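As structure tokens, the structure follows; a few thoughts come after it.
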Amino acid sequence: MILVGHQLAAGTAAVLVALWLLRSRWTHAHPRAALILWQITVLTLVVSTIGALLGFGLAPYQRGLVPALFDLPPVIHELDLWHSVAVVAGLALAGWLIVNQLLCLRSTARARARHRLLLQLVARQDTGALVVDHPIAVAYCLPGRTPRIVVSAGARRLLTDAELDAVLAHERAHARERHHLVVAPFQALRRLLPGSALLTRVCATIELLVEMCADDKAARQHGREPLASALERFHANGTAGTPAGALAVADTPVQARIRRLREPDRFGFPPALPLACVLVLTALATSAALFAVPL
Ligand SMILES: [Zn+2]
């Protein structure tokens, strides 16, 4: 039961850090650091939840989780009902998460492949992006091994040259920094538990932070105002919706991004950040180590 207690403590630490992140205002000033902390925190929560279930279920063996799991098939009938249920629940949760992630990746890859084919038919290469002859203003990055930056004729008419350059830099930042890989695990978790308001909120937070990372990159190259005014124009015109698997320039709440670009947050890193980092990293290391350490 010591093992279960450690896993529950690790999970509690991850929940506390997640709640703190949700309430924090510094994250918009330092989106990259916030994203890294979010990734470690959610990974800790997942690993510790599975660890707690398996730890309870395999407690009678008094061994590490992995060694006990290897020996499990011949002796599983020795476990009582509650321990058996915990083992099955832990393994099912781990399998469910992995399968769901793979299914999400596959469906997104298929949607992107279909969209790439469509672009080959209707788009033409121009000014470092694929231009689609459509009146609605839209710009997005279609990620993949060879990412595509797509902009509509409507967007080119809507934006000045400086604004268009800033928008293209934003989309290239998505492609170069592979933001789709950051967002994908959170979107897969949301698909797994679609009714969870908390998970929906976390997902929206991650998507917004990713957009802010791309905004920062574009602002460093072309200044803040061109991107802010481009976002404003997109917002005033309304967006046409983004194809499945793409990252658009103006899909997330743009008002917060425009405000941030025009009045940059002066928040430094909060004093509690080192404590939160140490707490969640220790929790993850403990939780992962308990899978192998015999107790
Ligand atoms: Zn974007």
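The values are calculated or read from the model by the stated rules, or taken from the named source; none is laboratory data. Keep in mind that what you see is a predicted model, and the values were worked out from it rather than measured. Because the Cβ atoms are built from the backbone with ideal geometry, glycine has one as well, and the counts that use them run over all protein chains shown. Accessible surface is based on the protein model in full, side chains and every heavy atom, while ligands, DNA and RNA are left aside. Shrake-Rupley method; radii C 1.70, N 1.55, O 1.52, S 1.80 Å.
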* Take the solvent-accessible surface of the protein heavy atoms, probe 1.4 Å, and return the percent of it on the range 123-267 that carbon and sulfur atoms account for. => 52
* Per residue solvent-accessible surface (Å²) - the range 123-267, probe of 1.4 Å -> 45
* Using only Cα atoms, locate the centre of the range 161-177 and the centre of the range 16-54, then give the distance between them in Å, rounded to an integer. => 28
* Distance in nm between label sites at ALA9 and THR200, each 7 Å beyond Cα in the beta-carbon direction? -> 3.6
* Volume per residue that the Cα convex hull of the chain spans, once the total is divided by residue count, Å³ -> 137
* Structure fact -> Per the 1/(1 + (r/R0)^6) rule, R0 = 22 Å and r from the Cβ atoms of HIS134 and ALA162, FRET efficiency to 0.05 is 0.45
* Asked: For the chain, what does -39500 (n - 2.57) per DSSP helix run (n ≥ 4), summed and divided by total residues, give at 222 nm, in deg cm²/dmol to the nearest 500?
  -> -23000 deg cm²/dmol
* Normalised contact order of the chain, rounded percent, pairs of Cα under 8 Å and 6 or more residues apart -> 29
* Choice from GLU263, GLU207, GLU225 showing the highest fluctuation, given a GNM over the chain with Cα pairs closer than 10 Å -> GLU263
* Structure fact -> Which residues qualify? For LEU130, with a placed amide H closer than 5 Å and at least 5 residues away or on another chain, they are ILE149, VAL150, VAL151
* Asked: For LEU103, what charge total do you get from the other residues with a beta carbon under 13 Å from its beta carbon, if Lys and Arg give +1 and Asp and Glu give -1?
  -> +3
* Asked: What does the charge add up to near THR200, with Lys and Arg as +1, Asp and Glu as -1, over the other residues with Cβ less than 12 Å from its Cβ?
  -> +2
* Structure fact -> Here the relative contact order (percent) of the range 1-56, from C-alpha pairs under 8 Å and at least 6 apart, is 63
* In whole Å and largest first, what semi-axes does the C-alpha gyration tensor of the range 35-154 yield when each eigenvalue is scaled by 5 and square-rooted? -> 50, 15, 11
* Asked: In percent, how large is the relative contact order of the range 123-267, given Cα pairs closer than 8 Å and 6 or more residues apart?
  -> 27
* To do: Bin all alpha-carbon pair distances of the range 83-130 at 5 Å intervals from 0 and give each bin's fraction as a whole percent.
  => 5, 18, 12, 13, 10, 10, 8, 7, 6, 5, 4, 2, 1
* To do: Pull up all non-local amide H partners of ARG63: gap of 5 or more, or a different chain, and H-to-H distance under 5 Å with H placed in the peptide plane.
  => LEU295
* ³J(HN,Hα) computed for each position of the range 100-113 - Karplus, 6.51 cos²θ - 1.76 cosθ + 1.60, integer Hz, glycine/proline x -> 4, 4, 5, 5, 4, 4, 5, 5, 5, 4, 5, 4, 5, 4
* Structure fact -> Expected vector for the range 198-214, Karplus 3J(HN,Hα) from phi with 6.51, -1.76, 1.60 and θ = phi - 60°, integer Hz, x for Gly and Pro, equals 5, 5, 4, 5, 4, 4, 4, 5, 5, 4, 5, 5, 4, 4, 5, 4, 5
* Within the chain, what percent of beta bridges assigned by DSSP are antiparallel, to the nearest 5? -> 75
* Please identify the trypsin sites (Lys or Arg not before Pro) of the range 11-77 that satisfy two criteria: DSSP loop assignment and at most 16 other Cβ atoms within 10 Å. Which are they? -> ARG25
* Counting pairs of Cα atoms in the range 123-267, how many percent are more than 18 Å apart? -> 54
* Structure fact -> Note: the range 1-68, point scatterers on Cα, Debye, no solvent; log10 I/I(0) at q = 0.16 Å⁻¹ equals -0.58
* Structure fact -> Of the residues PHE70, THR200, ALA86, the Cα lying farthest along the dipole of the chain towards its positive end, which is defined by charges on the beta carbon of Lys, Arg, Asp and Glu, belongs to THR200
* Asked: So for the range 123-267: antiparallel DSSP bridges make up what percent, rounded to the nearest 5?
  -> 75
* To do: At a 1.4 Å probe radius, which order do MET1, MET212 fall into by accessible area, largest first?
  => MET1, MET212
* Gap separating the Cα centres of the range 81-96 and the range 180-227, nearest whole Å -> 32
